[in-house]
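The values are calculated or read from the model by the stated rules, or taken from the named source; none is laboratory data. Just so you know, these numbers come straight off a predicted model, no measurement behind them. FYI the Cβ positions are ideal-geometry reconstructions off the backbone, even for glycines, and counts take in every protein chain you see.
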Amino acid sequence: MRRVVPLIAALALLGGCSQATDGSANPGGPTPTTTAARPSGSDRPSSTATGPADRPKAIDVAGVDPCALLTDAQRAEFGLDQPPQPNDDAPGKKSCTISRGDREHFVGITADTTAGVDDYAKSEGKVTRLEVGGFPALLVEADTALGLSCSVTVDVADGQVVDVGAFSLGEVDLTGLCRIVQPVAAAVVTNLDE
C-alpha cells in the first residue's frame with residue numbers, strides 16, 4: 001500500500017515535463033457529473049499574470065486535508081474500499097491516496113498551494129480544458145513509463161489547485177480512468193465548496 005504513494009509522487013513530477021495540447025476529451029460516454037467542456041473562446045489561462053480567473057469564488061486549500069474531501073459513502077460509491085493514505089512529504093502539497101482492494105486502480109487527491117492551473121497545463125499527455133462545479137479545470141490524460149493516469153486539475157484560487165487523478169498499471173485504459181475520475185473530481189469540488 002505504501003508503494004502507491006511514491007507512484008503518485010513520481011507521476012506528479014513527470015506531469016510538468018512536456019508540452020500540452022488543447023483538444024476535446026472523450027471519456028467514452030456521458031458521466032453523471034458537473035464536469036462539462038468549456039465553450040470555445042474561454043481558453044484564457046487563470047493566473048494572476050493574465051487577470052482574475054473565471055471561478056465562482058477563491059478557495060484557499062492551504063489547510064485542507066485531501067483525505068477528507070470524499071465522504072465514506074462517496075468512497076464506497078466509487079469502489080475505493082481501502083483506508084485513505086495521507087502524504088505531505090512535499091512542501092505546499094498535501095496528498096491522499098485511496099485504493100481499491102483489487103488494485104484495479106487508485107485515486108490520488110492533492111491540494112497544491114505551489115502551482116496554478118497554468119503550470120498543470122504543461123503536463124505530459126493530452127490536456128483538455130473543462131469546468132467542474134463552475135471552476136475552471138483541466139483534464140489530463142497521460143501514458144507514462146509509470147502507468148496510465150487521467151486527472152482533473154481544478155483552479156480553486158490564484159496559484160492553487162486541487163488535483164484529482166485516477167491511476168492504473170494497465171488494468172484500466174485511459175478512457176476508463178477518465179470515466180472514473182470525473183465524478184470523483186465533481187464530488188471533491190462539491191465537498192470543498194461546502
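Overview of values
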| item | result |
| --- | --- |
| Scope segment 58-78; condition without any contact (Cβ under 8 Å) to a residue 24 or more places away in the chain and outside any helix (DSSP H, G or I); matching residues | GLY63 |
| Spans of strands (runs of 3 or more DSSP E) in segment 83-194 with at least 1 residues crowded, with 23+ Cβ neighbours inside 10 Å, of a type in the set (Ser, Thr, Tyr) and modelled with pLDDT of 95 or more | 93-99, 106-112, 147-157 |
| Residue that is modelled with pLDDT under 85 and in contact with a Lys or Arg (Cβ under 8 Å, 6 or more places away or on another chain), where the choices are ALA49, ALA20, ALA36, ALA53 | ALA20 |
| Given (1) farther than 14 Å from VAL107 by Cβ; (2) in contact with a helix residue (DSSP H, G or I) (Cβ under 8 Å, 6 or more places away or on another chain), index of the condition ALA166 fails | (1) |
| Total residues in segment 55-69, condition in contact with a Gly (Cβ under 8 Å, 6 or more places away or on another chain) and surrounded by 18 or more Cβ atoms within 10 Å (Cβ to Cβ) | 1 |
